[in-house]
Amino acid sequence: MSDRIRRLASFVRPHSVLYDLCCDHGYIGLTAWDQKPLAGLVFVDQSPNALRAVHEALKARALTDDPRVQVINGPAEKIKLDARPSDLVMAGVGIRTIVTIIRALFSEGLGPHRLIICPEKNSLELRSFLLTQTLGLVAEDVVMEAERFREIIVLEEKGGPIHLLGEGYANRQDPHVQNFVVSLRAWYAAVTKNREARPAP
Ligand SMILES: C[S@@+](CC[C@H](N)C(=O)[O-])C[C@H]1O[C@@H](n2cnc3c(N)ncnc32)[C@H](O)[C@@H]1O
């Protein structure tokens, strides 16, 4: 199991209902289930092929008929959310997908729920969107997976300020994190310079 998956699962609150959105193999949900007591576990993926592995894993754990566990084949933006405090993991998908899902599920705010997000790419665009929502930062981190940096952003309705450049992890002494911060800032500086150099339309 990768550090990313273990770290994502570590941010799930005990006794919440966990939605592993865009779950594919379902490793994040299964890891959280093994780590702590959960009120429920819902796997969601639009691909029936992806969900085959989830069904196999549930069978191996004798969880197929467990009423606390559900598997939904369909778009995450269409699910009906449990009223109990729920934690929604969105990992390994693009920023547009994450924004679409948040808009569709939380048009009236996040309520008692928690979002645990790990986008595929650098998160500046996503953070700009998050700043327009009634959301606060609970935690953020950066982990390595297959030689790539992965950011993790944890949000609730009430939390601290969301920063555009991941200030929450910027002071960590871990050399991987420091390398990431340096490369991220250089990348953003280059993007900003290119934008400024472009003639106005
Ligand atoms: C790369 S996998 C991510 C797997 C896992 N979440 C992880 O981080 O390791 C992306 C999965 O997202 C699913 N997916 C993409 N957009 C989706 C959507 N709008 N609703 C449900 N599933 C979606 C795809 O079918 C695919 O299985």
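The values are calculated or read from the model by the stated rules, or taken from the named source; none is laboratory data. Quick caveat, the model's predicted, so the values are computed rather than measured. Cβ: placed from backbone, ideal geometry, glycine included. Neighbour counts: every protein chain shown. In case anyone asks, the SASA skips ligands and DNA or RNA and just uses the protein heavy atoms, side chains included. Shrake-Rupley method; radii C 1.70, N 1.55, O 1.52, S 1.80 Å.
Some points to look at:
- The stretch 11-23 - residue that is surrounded by 24 or more Cβ atoms within 10 Å (Cβ to Cβ) and within 18 Å of Val93 (Cα to Cα) and, of those, farthest from the ligand (Cβ to nearest atom): Leu18
- Of residues in the stretch 172-201 being over 14 Å from Ala139 (Cβ atoms) and outside any helix (DSSP H, G or I), the one least open to solvent (accessible area, probe 1.4 Å): Asp174
- Meeting the requirement of 2 or more residues that are open to solvent by 30 Å² or more (accessible area, probe 1.4 Å), the strands (runs of 3 or more DSSP E) wholly within the stretch 24-138 are 69-73.
- Of the criteria (1) within 9 Å of the ligand (Cβ to nearest atom); (2) closer than 19 Å to Glu120 by Cβ; (3) among the basic types (Lys, Arg), which one Lys78 fails: (2)
- Pairs, first closer than 19 Å to Lys80 by Cα and in contact (Cβ under 8 Å) with a residue 60 or more places away in the chain in the stretch 7-29, second assigned to a loop (DSSP other than H, G, I, E, B) and open to solvent by less than 10 Å² (accessible area, probe 1.4 Å), C-beta under 7 Å, six or more apart: Leu18/Val12; Asp20/Gly26; Gly29/Cys23
- Single match in Ser86, Ser123, Ser107 (criterion: of a type in the set (Ser, Thr, Tyr), in contact (Cβ under 8 Å) with a residue 24 or more places away in the chain and out of contact with any helix residue (DSSP H, G or I) (no Cβ under 8 Å at 6 or more places or on another chain)): Ser86
- Filter result for Leu115 (more than 16 Å from the ligand (Cβ to nearest atom) and among the aliphatic types (A, V, I, L, M)): no
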